[in-house]
Amino acid sequence: MTYAALSPFLPRHLHAPERNAMSGLCFQLKPSSSTLALSHRHSFAFAPQLAKLPALDGAHLSSGEELMDVEMDKVPGCEDEQDDEDFEPSQLGTKSYWEDAYQRELSLYRDTGDVGEVWFGWDSMKRVVRWIEARGTDKDSSVLDIGTGNGVLLLELAKVGFTRLTGIDYSAAAVRLAQSIASEQGHPHIVFQEVDFLALAAAAGDRSLGPFDVCVDKGTLDAVSLSPDGATERRADYVEALRRMLAPGGLFVITSCNWTRPELLSHFSDGFELEEQIPTPTFTFGGSTGNSITSLVFRRRG
């Protein structure tokens with residue numbers, strides 16, 4: 001992977017390869033292109049901000065629903081940063097960051113009723129829900145949402161008839177937020193627990209959970225990959241925890257903005273096989289076409 005290090009020209013929260021989870025931003029510079037692709041739910045509003053930055057004066061900017069392109073060779077002082085496997089450590093990979101973030105969202109929900117951020121946006125979440133429902137998944141199937149956050153993915157599954165729903169998060173504030181939202185929206189049967197998914201990789205880990213028929217991840221592996229405490233080892237723990245939590249023959253649905261299809265296939269090559277790729281919006285830059293996010297479905301080998 002090649003990422004652009006734009007400091008000090010762009011705001012701190014845009015430094016590659018971080019994704020600002022609270023604003024829905026994700027960007028990546030492909031090795032074959034000098035164009036930085038930014039996917040952002042609010043790109044029309046965001047483009048004028050970029051245009052005001054002195055470093056981007058005269059640079060090409062285009063915006064759309066899914067993409068903004070910046071010609072990096074026109075941004076002075078940019079450096080390419082090559083890393084074949086890992087990202088730079090980030091606060092987005094720490095528990096304290098998410099505890100603080102969800103404490104703020106919990107306070108906001110109590111004050112205004114706003115459920116908060118939906119990782120990768122509502123459209124991305126609904127694509128996952130539609131896929132699970134359209135493939136004829138038994139509504140009594142057990143479903144685990146890994147890193148559930150505000151729990152709205154499970155709420156959407158409950159609305160279409162799924163009954164055995166569990167969400168886990170290592171943030172206590174996230175669990176309280178999810179429980180509050182589910183209860184007030186009439187779905188108190190959804191189970192939310194404060195659990196560190198990576199801790200389930202250990203042989204002595206919590207055996208009261210699972211196995212599940214379906215496991216879903218929308219951004220949790222991305223956050224794990226930004227951990228300052230040995231991201232490679234933590235990804236290995238993630239895969240092992242998934243083996244323990246997903247029943248043989250069960251389905252794992254993952255959506256990522258940090259990892260491409262080939263990279264995800266590599267991460268889950270041991271014990272899992274690709275079932276399907278869920279179509280996501282595409283964009284073109286540098287003569288190549290890609291996806292702002294990747295959604296894959298794996299089946300655990302029996």
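The values are calculated or read from the model by the stated rules, or taken from the named source; none is laboratory data. Being a predicted model, the structure only gives us computed values, none of them experimental. When we count neighbours, we look across all protein chains shown, and the Cβ atoms used for this are built from the backbone with ideal geometry, even at glycine.
Here are the numbers:
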item: Where Ile132 falls short, out of the listed (1) at pLDDT 95 or above; (2) assigned to a loop (DSSP other than H, G, I, E, B); result: (2)
item: Failed item in (1) among the acidic types (Asp, Glu); (2) loosely packed, with under 13 Cβ neighbours inside 10 Å; (3) outside any loop (DSSP other than H, G, I, E, B), with Asp270 passing the rest; result: (3)
item: Pair list, Cβ under 9 Å, 6 or more apart: the stretch 113-129 residue among the charged types (D, E, K, R), other residue surrounded by fewer than 19 Cβ atoms within 10 Å (Cβ to Cβ) and in a helix (DSSP H, G or I); result: Asp114/Leu108
item: Count of the stretch 207-238 residues which are surrounded by 16 or more Cβ atoms within 10 Å (Cβ to Cβ), of a type outside the set (Lys, Arg) and under 19 Å from Ser142 (Cα atoms); result: 8
item: Matching entry among Gly302, Gly250, Gly290 (being touching a residue at least 12 places away in the same chain (Cβ under 8 Å), surrounded by fewer than 21 Cβ atoms within 10 Å (Cβ to Cβ) and either among the β-branched types (Val, Ile, Thr) or in a strand (DSSP E or B) (or both)); result: Gly290
item: Spans of strands (runs of 3 or more DSSP E) in the stretch 155-229 with at least 1 residues more than 22 Å from the chain's Cα centre (by Cα); result: 164-169
